[in-house]
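S.K.: Just dropping this structure here.
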Amino acid sequence: MTTATTTTNGTVPVKDAKHDRRWWTLGVLSLSLVLIGMDNTILNVAIPTLQREFSATSSTLQWMVDSYILVFAGLLLTMGGLGDRFGRARMLRAGLVLFAIAAFAVIFAETSGQVILARAVMGVGGAMIMPSTLSIIIDVFKGPERARAISIWAATAGIGVGLGPLIGGALLEQFYWGSVFLVNVPIAAVALIAGFWLVPESRDPEAKPVDFLGAILSTSAVALLIYAIIEAPSEGWTAPITLAGFAGSVVLAVAFSWWELRTEHPLLNFDFFRRMRFSMGAGAVSLAFFALMGMVFAFTQYLQFVRGYSALEAGIRLLPLAAGIAIGARGGERINRKFGTKVVVGSGLILLAGTMSIITIYDTTTSLWVIEVGIFLTAVAMGTIMAPSTDAVMGAVPPENAGVGSAVNDVTRQVGGAFGVAIIGSVLTSFYSSRVADAVDAVAGLPAAAAESAKDSVGAATGIAATLPPEVGQPLADAARNAFTDAFGMAVLVGVAFALVGSALVFRFMPARESAISPEPGPEVLPAGVTEAAASPKGAG
């Protein structure tokens with residue numbers, strides 16, 4: 001099938017996408033991405049249940065969530081490169097199989113350590129799936145259809161994130177804790193079976209040797225960085241283990257850069273970062289996820305501990321997050337065609353900063369419609385940023401390196417989100433502790449350990465308050481909720497500041513359109529009305 005679609009710069013693709021079933025292919029890839037997005041958030045609502053089931057400590061619960069993130073982020077670049085080398089559809093299928101097997105195995109876990117191990121294996125599968133989805137899109141979609149397909153890809157990523165808490169809450173109300181893992185199995189099975197018929201194979205045609213040393217160094221650098229970020233809020237940002245983690249990740253990153261600049265077949269071509277659409281696109285995604293993930297981390301606590309919603313009720317109230325990202329991604333792609341990436345992404349970051357600022361007016365009785373509108377507008381801003389930024393990153397990477405380009409896009413998103421949770425979470429805890437201290441100290445006879453817990457967490461404070469006589473417990477609970485809400489408003493300003501800095505950088509450095517950095521037109525694009533013969537050197541002579 002061949003079509004002739006006029007683009008914004010007056011060019012006409014000579015060839016259409018790889019095959020006529022490309023939109024069905026996108027459906028399979030989107031389903032795979034929903035699986036990843038959903039699994040990133042579904043476990044959060046199951047934490048109290050897992051704590052009861054395994055008598056887990058807070059540190060153990062944290063690693064049930066973080067083991068997945070650590071392995072997932074660490075392996076993204078390596079798996080993207082291996083997909084380019086050995087086949088992206090093959091990597092996608094292997095990832096779906098591994099992900100489903102690990103999710104199924106969790107239900108047989110008898111210890112918290114086994115849950116952590118299974119989650120780490122799921123992280124390996126996720127790292128194989130995510131870069132494959134985007135790199136396959138780049139292979140089968142060309143011209144204006146590529147931006148449209150990426151906007152749908154970005155929208156489905158948001159849908160998965162938004163659906164996770166809702167589905168998790170609904171399952172836990174009706175079934176046992178293992179259901180939040182089992183739900184992954186049928187979704188992965190459908191994507192796997194459909195993918196055999198609908199997802200075409202693609203790879204780097206030159207089949208370069210695998211850069212094993214680069215893979216080891218990049219995996220170690222990212223994993224150690226994520227580990228340091230995870231440990232910093234509990235251990236302290238200046239604790240020896242935290243500083244050692246950051247220092248080690250820097251050393252490994254320098255070693256990785258040194259090796260990649262000298263080896264004949266690098267895993268990551270650092271020349272990509274000299275292209276401002278690539279660098280600014282990845283940076284915009286990173287800063288946006290820094291702001292969003294830090295906000296969502298605090299928002300779930302606000303809904304459950306301050307407003308008193310159950311896990312399911314909180315999941316329902318986060319649904320505007322999924323809808324907003326989907327609408328923003330599709331709208332951002334359309335606006336991008338008219339105004340260019342610089343305007344859309346830069347304005348999207350300003351909108352993100354503005355909508356997040358609404359949180360500063362929240363109190364313990366803020367109207368639900370104000371909360372829902374705020375969530376929705378923040379998500380719309382996020383979607384507006386995601387789709388054009390991702391398109392900018394992937395448009396700056398040669399098709400044969402699409403897997404690595406996708407992995408860079410995903411790594412920056414994960415690192416940005418992890419920093420957002422850690423830094424905004426630390427600021428939140430500091431402000432909360434200082435504001436609730438007087439109320440905790442006023443409770444006569446409260447054991448020192450309980451007082452320390454109440455100063456550290458609004459959840460602990462409200463739980464302790466429930467065990468005290470009403471005349472003492474109620475003032476403590478009210479003080480904790482007010483302190484957390486005030487701290488939430490202050491902490492979110494960190495995300496606002498990062499979004500505004502990102503906007504300034506985008507407006508200053510990002511080229512408006514892909515043609516601004518392309519040294520030459522792609523082989524499948526000719527000026528409107530010009531034939532292949534006329535465009536050839538012989539025809540021109």
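S.K.: For region 226-264, which residues satisfy the criterion of being more than 18 Å from GLY416 (Cα to Cα) and of a type in the set (S, T, N, Q)?
M.R.: SER234, THR238, SER257, THR263
S.K.: Which of the residues belonging to region 424-447 are touching a residue at least 60 places away in the same chain (Cβ under 8 Å) and out of contact with any helix residue (DSSP H, G or I) (no Cβ under 6 Å at 6 or more places or on another chain)? First the steps, then the outcome.
M.R.: Within region 424-447, the subset touching a residue at least 60 places away in the same chain (Cβ under 8 Å) is 424-429, 431.
THR429 - this is the single residue of region 424-447 that is touching a residue at least 60 places away in the same chain (Cβ under 8 Å) and out of contact with any helix residue (DSSP H, G or I) (no Cβ under 6 Å at 6 or more places or on another chain).
S.K.: Follow-up. One residue is enough: does region 471-487 have a residue meeting the conditions among the charged types (D, E, K, R), modelled with pLDDT of 85 or more, in a helix (DSSP H, G or I) and buried (at least 16 other Cβ atoms within 10 Å of the Cβ)? Let's see the steps before the verdict.
M.R.: Of all residues in region 471-487, those among the charged types (D, E, K, R) come to 471, 478, 481, 486.
Still in the running and modelled with pLDDT of 85 or more: 478, 481, 486.
Retained after the next criterion (residues that are in a helix (DSSP H, G or I)): 478, 481, 486.
Next, from what is left, pick out any that are buried (at least 16 other Cβ atoms within 10 Å of the Cβ): 481, 486.
Yes, there is a match, as at least one residue in region 471-487 is among the charged types (D, E, K, R), modelled with pLDDT of 85 or more, in a helix (DSSP H, G or I) and buried (at least 16 other Cβ atoms within 10 Å of the Cβ).
Residue-by-condition table, conditions (1) in the same structural domain as LEU377 (by TED's automatic domain parsing); (2) crowded, with 20+ Cβ neighbours inside 10 Å; (3) touching a helix residue (DSSP H, G or I) at 6+ places or on another chain (Cβ under 8 Å):
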| residue | (1), (2), (3) |
| --- | --- |
| ALA288 | yes, yes, yes |
| GLY294 | yes, yes, yes |
| PHE297 | yes, no, yes |
| TYR302 | yes, yes, yes |
| GLY308 | yes, no, no |
| LEU312 | yes, no, yes |
| LEU319 | yes, no, yes |
| ALA323 | yes, no, yes |
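S.K.: Looking only at residues that are over 16 Å from GLY37 (Cα atoms) and not hydrophobic (A, V, I, L, M, F, W, C) in region 138-155, which one is surrounded by the most Cβ atoms within 10 Å (Cβ to Cβ)? Steps first, answer last, please.
M.R.: From region 138-155, those over 16 Å from GLY37 (Cα atoms) are 138-149; that's our starting set.
So of that shortlist, the ones also not hydrophobic (A, V, I, L, M, F, W, C) come out as 139, 142-146, 148.
Details: ASP139: 23, LYS142: 21, GLY143: 21, PRO144: 16, GLU145: 19, ARG146: 18, ARG148: 19.
Out of the qualifying residues, it is ASP139.
S.K.: Give, as residue ranges, the helices (runs of 4 or more DSSP H) completely inside region 144-221 that count at least 3 residues that are touching a residue at least 24 places away in the same chain (Cβ under 8 Å) and farther than 24 Å from ALA323 by Cα.
M.R.: On the way: elements: 144-174, 179-182, 184-198.
Here the list reads 184-198.
S.K.: Within the set of pairs 6 or more residues apart or between chains, which connect a residue that is in a helix (DSSP H, G or I) inside region 261-275 to a residue that is small (Gly, Ala, Ser) with Cβ atoms less than 7 Å apart?
M.R.: Final answer for the pair search is PHE270/SER257; PHE272/ALA396; PHE273/SER279.
S.K.: Look through region 427-458, keep the residues that are within 26 Å of PHE289 (Cα to Cα) and at pLDDT below 80, and return whichever of them is nearest to the chain's Cα centre (by Cα).
M.R.: By that ranking, first place goes to SER457.
S.K.: If only one of LEU70, LEU76 is in contact (Cβ under 8 Å) with a residue 40 or more places away in the chain, touching a Phe, Trp or Tyr at 6+ places or on another chain (Cβ under 8 Å) and in a helix (DSSP H, G or I), which one is it? Lay out the reasoning, then the answer.
M.R.: Details: LEU76 fails: touching a Phe, Trp or Tyr at 6+ places or on another chain (Cβ under 8 Å).
From the options LEU70, LEU76, the qualifying one is LEU70.
S.K.: What tally of residues in region 113-122 results from selecting those that are surrounded by 24 or more Cβ atoms within 10 Å (Cβ to Cβ) and either of a type outside the set (Lys, Arg) or without any contact (Cβ under 8 Å) to a residue 12 or more places away in the chain (or both)?
M.R.: Kept after step one, since they are surrounded by 24 or more Cβ atoms within 10 Å (Cβ to Cβ), are these residues of region 113-122: 115, 119, 122.
Now drop any that are not either of a type outside the set (Lys, Arg) or without any contact (Cβ under 8 Å) to a residue 12 or more places away in the chain (or both), which leaves 115, 122.
Here the count works out to 2.
The values are calculated or read from the model by the stated rules, or taken from the named source; none is laboratory data. Only a predicted model underlies this, so the values are computations on that prediction, with no experimental measurement involved. Note that each Cβ is placed from the backbone with ideal geometry, even for glycine, and that neighbours are counted across all protein chains shown.
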